[in-house]
Amino acid sequence: MSEAAGPDRTAILKALDEVIDPKSGQGLMAAGLVRGLVLREGRAAFMLEVAPADIDLYRRVRDQAEAAMAEVDGVEVSQVVLTTEVQAPTPPSMPQLRVSPRRGGPPPAGDSGRGRARVAEDPQAQLHPMVDAVKPPHVKRVIAVASGKGGVGKSTVSVNLAAALTKLGKRVGLLDADIYGPSAPTMLGVDGDPTFDAEKRLNPMEAHGVKVMSIGFIVEPGTANIWRGPMASSALRTLLNSNWGSEAEPLDVLVLDLPPGTGDIQLTLVQKLKMDGVIIVSTPQEIALIDARRAAAMFERTGAPILGVVENMAYFADSSGAKVPIFGTGGARREAERLGVPLLAEIPIEVPLREACDAGVPLLAQTTESAAAKAFLELAAKVA
């Protein structure tokens, strides 16, 4: 849905600039406090990001901003998420660089040694987890699914793992942590505007027995989220602090579908969120395993336990039933052995699995009999 279909942007910005920032005395727009403004049909929302010490001061400002936007023609739902800015963690020790001479002595006169620089990592360099790492309220277990690179089917594994865990009778949530490329809404076939509870936390949507939260429910479909690291991390914290459960009905497992790589979002999670385990997803080919190793190294250095490795796209069964290893064979198993963790599952390439993802219905919601479905159920049983 395009922004043009929503409330008038100029009118919204004008209304927000009439709400005064108590610290600067300026309007919210002039003070730069309106972040991630979203205008969809009948809905206006943004994030109000302040220092942790100013949360109580800005609760009234949040309410005033919601009231101001609600007065604009075309606004049926007005939402302001009050969140805190990222606390800058103590930076980790950085690897020290030194230029080593060639073997046999120093470089000859006039030879600067260019091109012969060697990196000597400081053995003390660590990415320590934050001491205040916690789980969201009423969540028993947090399991992250990571890869290190895109295109290996990590989201497919996350969605179907969540669906398989529900088959085992677990109360399950799925957090789509890919701020720049959310896929959970499409793969679970759910859309809509999330609501807020009495504490102003987002209420997750629900599909196929899974509670799911994604930035895809908040931003306009098809638009690019051009956000710098701190903004993306702030958005992720807001999603993470959703209303996942209650004291009477806590969530058994929250599955995190992490974005590829080892950047700001991943570090925000491993340093702020207490994880019970990480599943590394890779295809059998070496180029994917290289990036999987980087992801595994990050989690090892932050103290997050690695539960095991999942080999996705392990093989394709032809018409005779023979297994064709399109991307090679045994790579993920060898990587699991290298890490000293189990190979949790080998997921085959299946047309029904691809069709299920495109149709917005997890494979496990359609069948438990295919080879891929059985592999996901085995994975869920080991995780549970």
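The values are calculated or read from the model by the stated rules, or taken from the named source; none is laboratory data. Remember, predicted model here, so these are calculated numbers, not experimental data. Cβ atoms come from the backbone with ideal geometry, glycine included; neighbour counts cover every protein chain shown. Accessible surface is based on the protein model in full, side chains and every heavy atom, while ligands, DNA and RNA are left aside. Shrake-Rupley method; radii C 1.70, N 1.55, O 1.52, S 1.80 Å.
I need a count of the residues in region 143-169 that are of a type in the set (Lys, Arg) and in contact with a helix residue (DSSP H, G or I) (Cβ under 8 Å, 6 or more places away or on another chain). Qualifying residue count for the region: 2. Figure legend. Inter-residue proximity from region 289-318: first residues assigned to a loop (DSSP other than H, G, I, E, B), second residues crowded, with 18+ Cβ neighbours inside 10 Å, beta-carbon distance below 6 Å, spacing 6+ or different chains. Indicated pairs: 303/129; 304/270; 304/275; 304/278.
Given the structure, is residue 73 charged (D, E, K, R), within 27 Å of residue 203 (Cα to Cα) and modelled with pLDDT of 90 or more? Taking the combined requirement at face value, the residue satisfies it. Scanning region 20-75 for residues that are under 19 Å from residue 232 (Cα atoms) and either open to solvent by 60 Å² or more (accessible area, probe 1.4 Å) or in contact with a His (Cβ under 7 Å, 6 or more places away or on another chain) (or both) yields one hit, 35. Each residue in region 348-379 was checked for being touching a Phe, Trp or Tyr at 6+ places or on another chain (Cβ under 7 Å), closer than 25 Å to residue 334 by Cβ and aliphatic (A, V, I, L, M), and 1 pass. Check region 192-213 and report whether any residue there is farther than 16 Å from residue 243 by Cβ and aromatic (Phe, Trp, Tyr). The answer is no; no qualifying residue exists.
On the stretch given as region 269-295, residues that are of a type outside the set (A, V, I, L, M), farther than 19 Å from residue 183 by Cβ and at pLDDT 70 or above total 9. If you check residue 155 against the conditions, is it open to solvent by 10 Å² or more (accessible area, probe 1.4 Å), under 16 Å from residue 380 (Cα atoms) and under 16 Å from the mean Cα position of the chain (by Cα)? Taking the combined requirement at face value, the residue satisfies it. Residue under question is residue 258, and the condition is that it be closer than 27 Å to residue 331 by Cβ, surrounded by 19 or more Cβ atoms within 10 Å (Cβ to Cβ), modelled with pLDDT of 85 or more and under 12 Å from the mean Cα position of the chain (by Cα); does it hold? Yes.
Consider region 308-318 and keep the residues that are aliphatic (A, V, I, L, M) and open to solvent by 30 Å² or more (accessible area, probe 1.4 Å). The one that is farthest from residue 156 (Cα to Cα) is 317. The lone criterion from (1) surrounded by fewer than 24 Cβ atoms within 10 Å (Cβ to Cβ); (2) closer than 21 Å to residue 81 by Cα; (3) in contact with a Pro (Cβ under 9 Å, 6 or more places away or on another chain) left unmet by residue 197 is number (3).
With respect to residue 242, determine if the residue is at pLDDT below 80 and open to solvent by less than 10 Å² (accessible area, probe 1.4 Å). No, not satisfied. Scan region 150-197 residue by residue and report those that are farther than 19 Å from residue 384 by Cβ and among the hydrophobic types (A, V, I, L, M, F, W, C). Hits for region 150-197 are 152, 177, 179, 184, 187, 188, 190, 196.
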